[in-house]
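What follows is calculated from the coordinates using simple rules that are stated; it is not laboratory data. Since we're looking at a predicted model, the values are computed, not measured. Here the Cβ positions follow ideal geometry from the backbone for every residue, glycine too, while neighbour counts run over all protein chains shown.
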Ligand SMILES: [Zn+2]
């Protein structure tokens, strides 16, 4: 059964280990090779993260949606982080068109799904309705739970809830509010409160998570944990522990989020609890 997140219930910490943008030059702790990714995720898992949000890179550190790399990463994570929820990215920085869903036949527990378009720092983040429908249908076919990436309020209203009503997405929804991407929604508490209130109103059985970019990350961790939601951290979104201090690892950022859970008397979800809350299959 899906549970409405309780203010004092377990909080799921998602770690976004690599992303498409940060490189070793920005922070040497960004895991880029599959071996580094597995090691970094294992440390984060031990620190309390129970969802691993994953992108893969090629030999030059550039993002790719190569299914073979995703397969090796998934296999390594299943071996070294047993039970952890594996979420693969179908984001638009790693490929175009149907390439973006090429890893879905691997049947990860979850995949990210961007349901609408908006501006990014230097480009349009284009998610055409026909491509979104195709990615959603692939997720349905391979029993992959989508995480709806809400870069804008319309992504919750028009796209996610309407798609669920039309049978294109299986509920209960898991929605992630992404705040602080330049040219998209800022890190703003009124907008955050509106997002939370909106999800509760129009998708009462949905679970939700807050993700802030750069210095907004720890703020979004705190807002989400205080409001009874789940939260995301990791080097994909933020390279620093504080002003001028590079994060030494993904695990260090996870520890920050876990400390905030303690402050608000929220237990950090175990992987079993995370799977139950997200209505995922229990691991073998
Ligand atoms: Zn991502």
>> Over all directions, the average projected area of the alpha-carbon convex hull for the range 1-90 comes to how many nm²?
In response: 7.0 nm²
> Computed over the Cα atoms, what is the radius of gyration of the range 221-280 divided by 2.2 N^0.38 Å, N being its residue count?
Replying inline: 1.20
>> Rg over Rh of the range 10-55, using C-alpha atoms and the Kirkwood radius, what does it come to?
In response: 0.98
>> Using all alpha carbons of the range 50-90, what is the percent of pairwise distances in each 10 Å bin, ordered from the shortest bin to the longest?
In response: 30, 54, 16, 0
>> Below 8 Å between Cα atoms, with a sequence gap of 6+, how large is the relative contact order for the range 178-284 in percent?
In response: 19 percent
> Ranked by Cβ crowding within 10 angstrom, fewest neighbours first, how are 81, 261, 11, 209 ordered?
Replying inline: 261, 81, 209, 11
> Could you put 120, 194 in order, starting from the residue whose Cβ has the fewest other Cβ atoms within 10 Å?
Replying inline: 194, 120
>> Over the range 79-190, what is the relative contact order in percent, taking alpha-carbon pairs closer than 8 angstrom and at least six residues apart?
In response: 24 percent
> On average over all directions, what projected area in square nanometres does the range 107-218 have, based on the convex hull of its Cα atoms?
Replying inline: 6.9 nm²
> What is the chain's relative contact order, in percent, from Cα pairs under 8 angstrom and six or more apart in sequence?
Replying inline: 26 percent
>> From the Cα trace of the range 200-243, what convex hull volume per residue do you get, rounded to a whole Å³?
In response: 71 Å³
> What percentages, rounded to whole numbers, describe P(r) for the range 175-284 computed over all alpha carbon pairs with 5 Å bin width beginning at zero?
Replying inline: 2, 12, 21, 22, 21, 14, 6, 2, 0
>> Based on alpha-carbon atoms only, what is the radius of gyration of the chain relative to the globular estimate 2.2 N^0.38 Å?
In response: 0.90
> So how do 103, 84 line up by other beta-carbon neighbours within 10 Å, fewest first?
Replying inline: 84, 103
>> Give me the mean projected area, in nm² to one decimal, of the convex hull enclosing the Cα positions of the range 126-189.
In response: 4.6 nm²
>> Limiting things to C-alpha atoms, what are the Rg and the maximum Cα-Cα separation (Dmax) for the range 1-150, in angstroms?
In response: 15.3, 45
>> As a test of the formula, what do you get for the chain when each DSSP H run with n ≥ 4 contributes -39,500 (n - 2.57) and the sum is divided by the residue count, at 222 nm and rounded to the nearest 500 deg cm²/dmol?
In response: -9500 deg cm²/dmol
>> What whole-number distance in Å separates the alpha-carbon centres of the range 108-176 and the range 209-284?
In response: 22 Å
